[in-house]
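Here's the structure we're looking at; comments come further down.
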Amino acid sequence: MKRNKLVILFLVGLLLVTTCASLQLNAAAPRTLKLAEVHPQGYPTELGDEKFAELVAAKSKGRLKIQVYFGGQLGSENDVVEQAKLGVIEFVRVSTSPVISVYKPIGVFSMPFLFRSQEHQWKVLKGEVGQTFLKGMESVGLVGLTYFDGGARNFYATKELKSVNDLKGLKIRVQPSPIMVSMIKLLNATATPIAYGEVYSALQTGVVDGAENNVPSWVSANHYEVAKYFIKDGHLRLPELLMVSKKFYDGLSKRDQKILRDAAREATEFQIKAWNESESKYLEQAKAKGCVIHEANVAEFQAAVAPMYDMPEYKEYKVWVDKIKAVK
Ligand code: GTR
């Protein structure tokens, strides 16, 4: 009898010990954090995301585990920005366009022909203006970690584009942003704001006649299959953004916050390199498929959209435009 009691006591003890141990293990188990990305695996921003996740995992010794949800699995860019503000999604990599509706100053990057070159753009992004915006977004619940490269945007359509006049009367898909709409109007075309994931079918079914984007997007999203005429005018150099939800970030220790910042900085250098290596590769792919690519008379495009800088709705950007132009 006494022996039975001892056995029962031993078993209860064992149960308690194993339950506690497993509870402790669960508490220490790394939570998987989400990072939203609209592009497919292998696209240069997605490679930057993966690098960031890898660096964060290494620096935190596996405590912070980030999973990249590529290909728009978590929703459109406008949706994921809202979800990051709420803390539902921890990280987002988006264009600056979907951020304008929540943080207006960043819209200055959507002013056409703002940057003189990739080099000028990176000086601005790493300098006072770029860093002010990353910090400023905290006021709307987003912590800007870094920028990624998104190259230059150009027009493409289902009919040949040789000059600015060929855009006349066309329906052009734009990112959901009023600044884009203003720009397209000045080119005598009609702007149709559509989420990125729906552009392919909009082009295919004739909902729009064309769109504007960088070469890697035109090719990797297969837009080039249905809109094979491209004109290199480089009207915009929209930076890409990597952000973390402030709700999530504020709950981290100072040490982990630093890990995220250091990893973002290192991932940026990797991403710029990946971008530079991939652009020509995508262009070759388009040429091999028989796409027709024209070099634009850039001055013609520039003159057509110049009145944007005098529009009353964008006057507030003047102070930023001046600072950007002054960066040598
Ligand atoms: C791409 C950008 C995406 C998305 C897309 C678009 O260049 O990398 O984040 O904003 O453009 O036009 O919607």
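Taking 20 Å as the straight-line reach from the Cα of K289, the lysines in range (excluding those fewer than 8 positions away in the same chain) are K159, K162, K228, K232, K281.
Among the listed pairs K168/K315; K59/K254; K34/K247; K246/K323; K126/K328; K126/K254, a Cα-Cα separation exceeding 20 Å is found for K168/K315; K246/K323; K126/K254.
Taking every alpha-carbon pair in region 60-158 and binning the separations at 10 Å intervals from zero gives 13, 42, 33, 11, 1 percent.
At 1.4 Å probe radius, can you tell me the per residue accessible area of region 135-188 in Å²?
Value returned for region 135-188: 34 Å² of accessible area per residue.
Length gained on full extension, S163 to A303: 49.1 nm, using 0.36 nm per residue less the C-alpha separation.
Distance between the 7 Å Cα→Cβ label points at D256 and T32: 1.8 nm.
The residues of region 195-316 present an accessible area of 46 Å² per residue when probed at 1.4 Å with all protein chains retained. Take region 54-123 with all the other protein chains still there, run a 1.4 Å probe, and you get 39 Å² of accessible area per residue. What do you get for Rg/Rh of region 22-106 when both radii come from the Cα atoms and Rh is the Kirkwood radius? My calculation puts Rg/Rh at 1.04. Taking 0.36 nm per residue of separation and subtracting the current Cα-Cα distance, fully stretching the chain between E313 and V327 would add 2.6 nm.
With a length cut of 30 Å (Cα positions projected on each helix's long axis) and a Kyte-Doolittle mean of at least 0.5, go through the chain and give me the DSSP H helices that pass.
Span-like helices here: 2-28.
Each Lys and Arg Cβ is given +1 and each Asp and Glu Cβ -1; about its Cα centre, region 246-325 then shows a dipole of about 480 debye.
Going by a ≥ b ≥ c, the root eigenvalues of the Cα gyration tensor, does region 224-317 fall in the rounded group (a/c under 1.5), the prolate group (a/b larger than b/c) or the oblate group?
oblate
Only Cα pairs under 8 Å and 6+ residues apart enter the sum, and on that basis the relative contact order of the chain stands at 24 percent. Using just its DSSP H runs of length 4 or more, each adding -39500 (n - 2.57), the chain gives a mean residue ellipticity at 222 nm of -14500 deg cm²/dmol after division by all residues.
Hey, any idea what % of the chain's accessible area is carbon plus sulfur with a 1.4 Å probe?
Of the solvent-accessible surface of the chain, carbon and sulfur hold 57 percent.
Pairs of Cα atoms nearer than 8 Å and 6+ residues apart set the relative contact order; for region 115-251 it is 37 percent. Cross-link partners for K287 among the aspartates and glutamates, with Cα-Cα distance under 13 Å and sequence neighbours closer than 8 places in the same chain left out: E225, E279. Can you give the percent of C-alpha pairs in the chain whose distance is more than 30 Å? It works out to 39 percent of all Cα pairs.
Here the gap between Q204 and E138, fully extended at 0.36 nm per residue and compared with their Cα-Cα distance, gives a gain of 19.8 nm. For R116, nonlocal amide neighbours, meaning residues 5 or more places apart or on other chains whose placed amide H falls under 5 Å from its own, are Q121.
The values are calculated or read from the model by the stated rules, or taken from the named source; none is laboratory data. Nothing here was measured: the structure is a model prediction, and the numbers come from that model. Quick reminder, even Gly has a Cβ in these numbers, built from the backbone with ideal geometry, and neighbours come from all protein chains shown. Remember, those area values only see protein heavy atoms, side chains included, never the ligands or the DNA or RNA. Shrake-Rupley method; radii C 1.70, N 1.55, O 1.52, S 1.80 Å.
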